[in-house]
1. Based on the Kirkwood radius over alpha-carbon pairs, what is the Stokes-Einstein translational diffusion coefficient of region A:2-59 at 4 °C with 1.567 mPa s viscosity, in µm²/s?
2. Would you please name the chymotrypsin sites (Phe, Trp or Tyr not before Pro) within region B:127-180 that are DSSP coil residues with at most 10 other C-beta atoms within 10 Å of their C-beta?
3. How much length, in nm to one decimal, is gained on full extension between B:Ser129 and B:His18, taken as 0.36 nm per residue of separation minus their Cα-Cα distance?
4. Which number do you get for Rg(Cα) / (2.2 N^0.38 Å) in region B:42-150?
5. Translational diffusion coefficient of chain B at 10 °C, 1.306 mPa s, Stokes-Einstein with Kirkwood Rh over Cα pairs, in µm²/s as a whole number.
6. For region B:21-104, just the Cα set please: Rg and Dmax, both in angstrom.
7. In bins 10 Å wide, starting from 0, what share of all Cα pairs of region B:119-243 does each bin hold, as a percent?
8. Can you find, among A:Val43, A:Phe29, A:Ile2, the residue sitting farthest towards the positive end of the charge dipole of chain A, where Lys and Arg contribute +1 and Asp and Glu -1 at Cβ?
Amino acid sequence: MIVRLRQPSREVEVRGDRPARAILLELGFAPEAYIVICNGTLVPSDTILREPDSVELRPVISGG
Amino acid sequence: MSKCRSCGEPAVIDLPRHNANFCSEHFIQLCRRQLSKAISDFDMLKPEDRVLVAVSGGKDSLALWDMLVEEGYQADGLYIGLGIGEYSDESGAITRKFAADRQLKLIEIDIRDEHGFDIPTAAGVTGRSPCSACGLSKRHIFDEVAKREGYDVLATGHNLDDEAAVLFGNTLRWDVEYLRRQAPVLSAGSGFGKKVKPLVRLTEREMAAWCVVRGIDYVVEECPMALGNKHLAYKDALNALDATSPGTKASFYLGFLDRMRPVLEQSAAIDAPSSCPTCGAPAATADQACAFCRLVDSASGHEPIPVRMVLNKKARKMFDAQWGSQDGN
């Protein structure tokens, strides 16, 4: 499945039918530093993501 | 599917530091409670105060403005155009739309129009780090505008992660003077207006979630000048600790406020600053201009320097991936 990432804005393909948390860890992202948006709605990181969900893993850390 | 701890409905967010999940309604309620607790514990705001909220277009400042208005405070926004290429263009547009959609008053200051320089140029000319030039300029302008427009309090969107990262840095250096000054409220006095940080009990992740739940559009991309800075490294370190022991970051910072600040407050008071001979703002000595006026002196009128030119090699690579290899100005 295609997942949208930010900083920089891009899309990557990952294996679906897994909790968002597992995908975050596989991509090397700390779950505490991300929110998960699935089909336009905020979801907890144990949500199973699968095709054809529209998913964004959005970083929340800012350096200002 | 995770259920909300309060009502059993489907959750929208997991908050490991509370060992719980929450639906959108109870998550919003939790955030409001944390905001109110910070405001009342530290005597930040009175109901009749005129509050000026420093807004950048990012999640924290827009969430703060939204929360304060929802709580019934008379809160207007202050946006500073810093001249950081497309990033500033986007953040300005988002902030203006937020204010217009809610019919809120937004004061805008363009740093180049008012002071004759922008942040990339200030960093390039003076050799200061971009974040240092930016922080110095913003603090000065926040104070100046709050005073000029007659606001009682200036509120900034510093959250628990921001404050924990600053505390971590100050502790690593054992910088006692900075540790003593690190407070969620800075009282008015010595030429400074009152400043408050009402989000100190809320994390960065909670503020991003607040914006998504409340339908607030904000600038998600990082400021190109901040890419790879030390503050971000401190946040990563604290998040790594929190991943193995949820709540560590919150207890580090909130424990400092609760148990260490009273100890530091008993130590010697800071000398009252003198006034800057140029602008009248507080300055370290009476015979020298304040840091902001010295920055204006060096950078004002200088040919604008593109954002990309003042980044180090690593930050430039990240900048190119995000904004393309054009100069960004």
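1. Estimated diffusion coefficient is 117 µm²/s.
2. Those satisfying the criteria are B:Trp174.
3. 36.3 nm
4. Normalised Cα radius of gyration, region B:42-150: 1.11.
5. Roughly 76 µm²/s, to the nearest whole number.
6. 14.3, 40
7. Cα pair-distance distribution for region B:119-243, in percent: 11, 33, 42, 14, 1.
8. Projecting each Cα onto the dipole axis, the largest value belongs to A:Phe29.
Bear in mind these aren't lab numbers, they're just calculated from the coordinates by the rules spelled out. Model, not experiment: these values are computed from the prediction. Quick reminder, even Gly has a Cβ in these numbers, built from the backbone with ideal geometry, and neighbours come from all protein chains shown.
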